Each structure stands twice: as C-alpha cells, then as structure tokens.
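Since the structure comes first, as structure tokens, the remarks are kept for the end.
Every read-out reported here was derived from the displayed coordinates using simple, explicitly stated rules and does not represent laboratory data. Keep in mind that what you see is a predicted model, and the values were worked out from it rather than measured. Cβ coordinates were reconstructed from backbone atoms using ideal geometry, including for glycine residues, and neighbour counts include every protein chain displayed.
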Amino acid sequence: MAAFKELVFSGVQPTGNLHLGNYLGAIKRFVEMQERAECLYCVVDLHAITLWQNPAELRTQIREVTAAFIAAGIDPRRSIVFNQSQVPQHAELAWIFNCVARLGWLNRMTQFKDKAGKDRENASVGLYDYPVLMAADILAYRATHVPVGEDQKQHLELTRDIAQKFNNDFAESILAHGHGEGFFPVTEPLIGGPAARVMSLRDGTKKMSKSDPSDYSRINLTDDADAIAQKVRKAKTDPEPLPSEAAGLAGRAEADNLVGIFAALQGSTREAVLAEYGGAQFSAFKGALVELAVESLAPLSAEMKQLVADPAHIDAILADGAERAEAIAAPTLDAVKDIVGFVRRGPTLRAV
C-alpha cells in the first residue's frame, strides 16, 4: 500500500441548533487537530437534505455551523472550511462508489434503520445511500484520519471497505497509471476524547440531541450566560453526593454526564474533577459547573452571533474553502476516472 500524507477530514450537518455535544464531541477536537495535520472541515449540506429541509433555514444553518467552527478557533487560513455542495466531486465520486459498494453492506447499516423507523418505504434513497456519500467525502481527499463519534463508526468501516474493494478491483489499472499498489488509503477513525459522547441534561441515558423536544435537554451554542446557568441548575441529578473516584459513577448516568462535561470543558479527567469535588452535593458542584460553562461558552456564543450577522463574510470563507478543497478533490476524481476507464475531456479540439 502506498504511503499517504496525513490529512484529516470531518464534517458537521447543518440541521438545527448546534449544542454542547457538537462542541465537545467534535468541534473542540477539530481545533486541536489543526495544530498537527492538514485539516478539511466540511459543512455537509448534501447529507442534510436526506431529510427534507426548509431552504431558507438550511442556508442560515450552513452559515451558523461555519460561524461555530471559526468562533471555536478553527482558522480558515490554516484549515480548509467549506460546504459540501460547492465541491461537485463529492457527488460524482459517490456515484462511482455506488458501483463499488455492495447492497448487503448498506443493508447492515443500523443508522438507516434507526432514522427511517417503521416507515422505511417512505425514506429517501439519499438516507439509505448516506454512507456511500460519506465515503466519497473522505476519499475525495484521500484522507488518512477522520474524527468520528461512535454512531458514525460503522459508516467509516464502510468507507474502509469501499477503499479496499476499489483498490482490489482496479489493482492493475492503478499500477498502470503509476499510483503504486493502492490508490485510496484505508482511513483510520479517531474515536474518543474526554467527551466523545455528551448526554442529555434531562436523561443521562440518551445522547444530547438537537431533535429532543425539550430545550432544557441541551446547551445550545447560541445560549447566553443566563440560559446556560438555568439549564445547568435544572439538569437532572440524583440525591447522593459526588463520589471521590470515577468507579463511584457507575449506574449514575446523570452524575457521570455532568462530571464528564466538567472534565471536558476544563481539559482534565473525571478522576481530577472528583478529586476536587468528591463528597460535594450537586448544588455546590452545579454552581462551579455554571461558572466554568459560562466562562467557556459565552464568548463562543457572542462571536458566533457577530459572525452570523455578516453573511457575506461567512460566504467568502466558504467560497475560498471550496476553491481550495476542489484543488485537492478534482485531481483525485480525474485519476479515478482514468483508473476506471472513462474517457475524460481534454483540451477542446475543432472537429474536422
């Protein structure tokens, strides 16, 4: 297998309010990763429309996610920030991968079953085919690493399967075109971190979600200091004091969630938090968590609002990012077309 330059790709869907879980589980990690590798951060608007979206709201949400990236510390001059629909190679490569992926592979994708529910016959083809487009998103840049949550791990495994099958199916053509023994990398997942999974403030057994009907289940990145404080203080807990060791959080989902959030915002561990607050009642711990959350998130919220108020600036960042992204993706797709056996358009010649 050929050696590949380290490159990180990840994306966030522009569907509804971004919340603390998006920030701690993804965006905060994106900021850290740009220090060590070339990174592409994509607002995946093609994925968003696998479920119907109000067009005006979608446009606003694309800009809001972009603003969150920048407010959190992603530097659009260092990293490439763009929205998926501006780079046509994603959709074109997805079709080629549709002809590589096997139906049985997609039938095993549990997230489609969860999202489609009992009414699968009315689900869009796009929702079913979502993982193949995700593979194209990643492999259009021949990305070596992708930070993903546990819920996307199965999709990344499919990306790896598609890359390996393409490399095997077209092995002779890949060699003939001078690409070594494998054209696509077998992308590695980056799973983990102190808050890879942030849970609901109302039910510690459920993931924090923008689709939860209760706004008190999540802290939105657009919440002001008063809203953050109110939601933390109303967060569900149990009557016992905090334990002194992490093992004492077993079976206490809400306590574990709040301690995990504190650790992630502080950049420490559950053990370190409990060493300081073990034995404390939740009323005291929540007061400290309010201070930390407001200190961490209120400046981000204010910066987001300022950025969103200037859509032309956001659009310019996305356009520049799309141009830089396409400069990587276009040669990849051209090479794929050569490998597959397509006749590509060259310089225009006048017919004789």
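Label His313 and Lys5 with points 7 Å out from Cα along Cα→Cβ: what is the distance between them in nm?
The two pseudo-label positions are separated by 3.0 nm.
Could you work out the mean projected area of the convex hull around the alpha carbons of the chain, in square nanometres to one decimal?
21.1 nm²
Please identify, among Ala264, Ala71, Ala312, the residue showing maximal mean-square fluctuation in a Gaussian network model of the chain using a 10 angstrom Cα cutoff.
Highest fluctuation among the options: Ala312.
Tell me, Val65, Val273, Val186 in order of fewest to most beta-carbon neighbours within 10 Å?
Ranking Val65, Val273, Val186 by Cβ neighbours within 10 Å, fewest first, gives Val186, Val273, Val65.
Using Cβ counts within 10 Å as a stand-in for footprinting exposure, how do Val340, Val308, Val87 rank, fewest first?
So the ranking, lowest neighbour count to highest, is Val340, Val308, Val87.
If each residue of separation counts as 0.36 nm, what is the full-extension length gain between Leu106 and Glu240 once their alpha-carbon separation is subtracted?
Length gained, Leu106 through Glu240: 43.7 nm.
Tell me the label-point distance for the pair Ala327, Val340, using the 7 Å Cα-to-Cβ offset, in nm and rounded to one decimal.
Those two pseudo-labels are separated by 2.6 nm.
Could you work out how far helix 225-234 tilts from the main Cα principal axis of the chain, as a 0 to 90 degree angle to the nearest 10?
The two axes meet at around 70 degrees.
Tell me, in nm to one decimal, what length is gained between Thr60 and Asp203 on full extension, where the rule is 0.36 nm per residue of separation less the Cα-Cα distance?
So the extension gain works out to 48.5 nm.
Name the residue, out of Gln13, Gln61, Gln111, whose mean-square fluctuation peaks in a Gaussian network model built on the chain with Cα pairs under 10 Å.
Gln111
Hey, how much of the P(r) for the stretch 59-176 falls beyond 17 Å, as a percent of Cα pairs?
Beyond 17 Å sits 65 percent of the P(r) for the stretch 59-176.
Where does helix 55-72 land angle-wise versus the long Cα axis of the chain, in degrees 0 to 90, nearest 10?
That works out to roughly 70 degrees.
Between Arg77 and Glu291, what is 0.36 nm times their sequence separation minus the Cα-Cα distance? Round to one decimal in nm. The partial results should precede the final answer.
On the way: separation 214, 0.36 × 214 = 77.04 nm, distance 3.22 nm.
Extending this stretch completely gives an extra 73.8 nm.
Can you tell me the relative contact order of the stretch 23-168? Whole percent, Cα pairs under 8 Å, sequence separation 6 or more.
Computed value for the stretch 23-168: 29 percent relative contact order.
Reported to two decimal places, what Rg/Rh ratio describes the stretch 215-307 when computed on Cα atoms with Rh from the Kirkwood expression?
That ratio equals 0.99.
In what order do Met109, Met304 fall by count of nearby beta-carbon atoms within 10 Å, going from fewest to most?
The most exposed by this proxy come first: Met109, Met304.
Sequence gap at least 6, Cα distance under 8 Å: using those rules, report the relative contact order of the chain to the nearest whole percent. All intermediate terms of the calculation are to be shown ahead of the outcome.
Values: 515 pairs, mean separation 81.6, N = 352.
Computed over the chain, the figure is 23 percent.
In the neighborhood of Gln61, defined by Cβ-to-Cβ distances under 12 Å, what is the net charge if each Lys or Arg adds +1 and each Asp or Glu adds -1?
My count for the surroundings of Gln61 gives 0.
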